[in-house]
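Just so you know, all these numbers are worked out from the coordinates, no wet-lab data involved. Given the structure is predicted, the values throughout are model-derived calculations rather than measurements. Positions of Cβ are generated from backbone atoms using ideal geometry, with glycine treated the same way; all protein chains shown enter the neighbour counts.
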Amino acid sequence: MEYLQCFERSELKYMLTQEQFDWFMSAASRELVPDEYPEGSIRSLYFDTPESLLILRSCEQPEYKEKLRLRAYSQVESGETVFAELKKKYASVVYKRRTGLSEAEAMRWLAGETHRTSTQIEREIDAFTLQYKTLRPAALIFCHRLSFVLRSDKNVRITFDTDVLGRTSDLSLTSPEYGERFCDGIIMEIKVPGAVPVRLAELLSAGGIYKTSFSKYGTLYRNETAKREKSRAANF
């Protein structure tokens, strides 16, 4: 299985009800074809500082934000390949750098215990870990994903995430899939190198589907923070 290492594109998010999803899939049936990898489970392990600096900045919705994570497409063993991803967003454009390595090596690297500088991507990720110095696993999120591309333009990718689960303990890609369900809707993402094609924009408008701001890690962080504050208040 081969994966792109570098991305530069706009990523537009929409929160759909089941009814909106059903309508869109019917209305767009002639426009969509399955992606090369049309369906699968995704698990993402986010790294942050002990003070949650990265997610706190992201929740402020600044013009520029960044995140670092490990991604796998199934439960893995320590020697199996995962992907280290450095994702930066500026003025609605996403820049992502990704490289594959074993789960054990990746955990040590992103925590700053080792360094990798053989390629430009490794040097960028390594510089990020040196900048923040105290990165450690902070949240593990799972989802089921359906992926499509436009028949008329294979560079336009549309994904749908369901069954979103997350947790802030037992933070390893080698662990089983479980956690709190914290998203009831269906997350649709349009990933496009330029403007959204006119026909696709017309479909979104006809279905009353409007762009929203949603972060899986951000939502899980806010939920966990609210639970801790509620527990402290109850014990006060």
### Share of pairwise Cα separations in segment 75-148, more than 15 Å, in percent
62
### Task
Give me the angle, in degrees from 0 to 90, between the Cα long axis of helix 216-235 and the longest principal axis of the Cα atoms of the chain, rounded to the nearest 10.
60
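With runs of 4+ DSSP H residues as the only contributors, calculate the mean residue ellipticity of the chain at 222 nm using -39,500 (n - 2.57) per run, divided by the residue total and rounded to the nearest 500. Before the final figure, lay out each step's value.
On the way: 6 runs with 67 residues, N = 236.
The per-residue figure over the chain is -8500 deg cm²/dmol.
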### Task
Residues in segment 28-46, backbone N under 19 Å from the label point at residue 219 (7 Å along the Cα-to-beta-carbon vector): list them, ranges by number please.
40-46
### Query
If you count, for each residue, the other Cβ atoms within 10 Å and average over each peptide, how do 177-185, 136-144 line up from highest to lowest?
136-144, 177-185
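Going by a ≥ b ≥ c, the root eigenvalues of the Cα gyration tensor, does segment 29-111 fall in the rounded group (a/c under 1.5), the prolate group (a/b larger than b/c) or the oblate group?
On the way: a/c = 2.31, a/b = 1.07, b/c = 2.16.
Oblate shape, in that a/c is at least 1.5 and b/c is the bigger or equal ratio.
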#### Entry: Angle between the chain longest axis and helix 120-132 axis [Cα atoms, degrees, rounded to 10]
60
### Query
When we measure straight from the Cα of residue 88, which lysines land under 24 angstrom away, once same-chain ones fewer than 8 places off are left out?
13, 65, 67, 96, 133, 154, 191, 211, 216
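Find out how many positive minus negative residues lie around residue 123, taking Lys and Arg as positive, Asp and Glu as negative, among other residues whose Cβ is under 11 Å from that of residue 123.
Numbers: positive: 97, 116; negative: 122, 124, 126.
Surrounding charge for residue 123 is -1.
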### Task
Would you mind getting me the FRET efficiency between residue 133 and residue 228? Use the beta-carbon distance for r and R0 = 35 Å, nearest 0.05.
0.90
### Query
When the Kirkwood hydrodynamic radius is evaluated over all pairs of different C-alpha atoms of the chain, what value in angstrom, to one decimal, is obtained?
18.9
#### Entry: Rounded tilt (10° steps) of 18-27 against the dominant C-alpha axis of the chain
50
### Summary
Dipole check, segment 50-154, charges on Cβ (K,R +1; D,E -1), about Cα centroid: among 59, 140, 76 the Cα furthest to the positive pole belongs to 59
### Message
Please list, in order along segment 88-98, the HN-Hα scalar couplings obtained from phi with the Karplus expression 6.51 cos²θ - 1.76 cosθ + 1.60 (θ = phi - 60°), rounded to whole Hz, x for Gly and Pro.
### Response
10, 10, 9, 6, 6, 9, 9, 10, 10, 10, 9
### Query
Using the alpha-carbon centroid of each, what span in Å lies between segment 140-156 and segment 18-81?
10
